[in-house]
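One structure is given here, and the rest of the page talks about it.
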Amino acid sequence: MFSGATRHAAEVDGIMFFIVLSSAILLVLITIAMIYFTIRYNKKRNPVATNIEGNTILEVVWIAIPTILVLFMFYYGYVSFADTRSIPKDAMNVKVLGKMWVWSFTYANGKTSDTLYLPSGKAIKLDLLTSDVNHGFFVPAFRIKEDCISGKQNYMVIYPDKTGEYDIFCSEYCGMNHSSMYTKMKVVSESEFNSWLKK
């Protein structure tokens, strides 16, 4: 049902779909109730106003249902976010350096590339750094973004499980050539990645 390059992307899409669907249903129900009460209790039908007594059950229901919905959205959003912050013991480290106006990727053996090559089916920890202003490391297909902040080492964890090419953008305005700060993530098989890494 959902497209995306990772399990995380599918989770984010699912949460978004649930939020939009819940909002649409509530909008329809509230609009119908509003139209009904506007017609039922207009001035022509009720020339003399009457006092309305409170209904405890109704008040509990319209407080409890939105609260449960919001807590549900928060819980599943947090679980999905926490997945990008939890570092597995076997995660492969890649150093990501953002600078005006290029991305640079350094691997454990010292190899550097301007394209992010990753093996599929493996947890990857990306150490996010900047040599100048703030940049935003954004991979739309993975539904993931994290800032490269000057003077601070940030990180994110990703699980690329589909081979292919994916766009990487800078999502923080970082100067005159911000729009050209673009590169690719190439997710390949582990054997192909190991062969590339050794070259």
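Is there any pair linking a residue in segment 186-199 that is under 16 Å from residue 115 (Cβ atoms) to one that is part of a helix (DSSP H, G or I), with Cβ under 8 Å and at least six apart or on different chains, and which? Going by the 8 Å Cβ cut-off, the qualifying pairs are 188/196. Is there a residue being farther than 30 Å from residue 137 by Cα and without any contact (Cβ under 8 Å) to a residue 24 or more places away in the chain anywhere in segment 67-74? Checking segment 67-74: at least one residue is farther than 30 Å from residue 137 by Cα and without any contact (Cβ under 8 Å) to a residue 24 or more places away in the chain.
When restricted to residues that are part of a helix (DSSP H, G or I) and in contact (Cβ under 8 Å) with a residue 24 or more places away in the chain, segment 80-95 contains 2. Is it the case that some residue within segment 111-121 is in the same structural domain as residue 193 (by TED's automatic domain parsing), in contact with a strand residue (DSSP E or B) (Cβ under 9 Å, 6 or more places away or on another chain), crowded, with 16+ Cβ neighbours inside 10 Å and more than 23 Å from residue 191 (Cα to Cα)? No, segment 111-121 contains no residue that is in the same structural domain as residue 193 (by TED's automatic domain parsing), in contact with a strand residue (DSSP E or B) (Cβ under 9 Å, 6 or more places away or on another chain), crowded, with 16+ Cβ neighbours inside 10 Å and more than 23 Å from residue 191 (Cα to Cα).
Within segment 147-165, the set of residues being in contact (Cβ under 8 Å) with a residue 60 or more places away in the chain, part of a strand (DSSP E or B) and touching a Leu at 6+ places or on another chain (Cβ under 9 Å) comprises 155, 156, 157, 158.
Number of residues in segment 134-168 that are farther than 12 Å from residue 98 by Cβ, of a type in the set (Gly, Ala, Ser) and crowded, with 17+ Cβ neighbours inside 10 Å: the value is 1.
Among residues of segment 1-54 being among the basic types (Lys, Arg) and assigned to a helix (DSSP H, G or I), the one that is surrounded by the fewest Cβ atoms within 10 Å (Cβ to Cβ) is 40.
Restricting 104, 86, 131 to those that are closer than 28 Å to residue 150 by Cβ, surrounded by 16 or more Cβ atoms within 10 Å (Cβ to Cβ) and among the hydroxyl-bearing types (Ser, Thr, Tyr) reduces the list to 104. The one condition from (1) assigned to a strand (DSSP E or B); (2) within 20 Å of the chain's Cα centre (by Cα); (3) without any contact (Cβ under 8 Å) to a residue 24 or more places away in the chain that residue 126 does not meet is (3).
One line per residue, one yes/no per condition, for (1) within 21 Å of residue 8 (Cβ to Cβ); (2) modelled with pLDDT of 95 or more:
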position: 100; (1), (2): no, no
position: 116; (1), (2): yes, yes
position: 121; (1), (2): yes, no
position: 137; (1), (2): yes, yes
position: 156; (1), (2): yes, no
position: 159; (1), (2): yes, no
position: 191; (1), (2): no, no
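Scanning segment 110-123 for residues that are β-branched (Val, Ile, Thr) and assigned to a strand (DSSP E or B) returns a single hit, 112.
The values are calculated or read from the model by the stated rules, or taken from the named source; none is laboratory data. This structure is a prediction, so every number in the text was calculated from the model and none was measured. Positions of Cβ are backbone-derived with ideal geometry, glycine not excepted, and every protein chain shown enters the neighbour counts.
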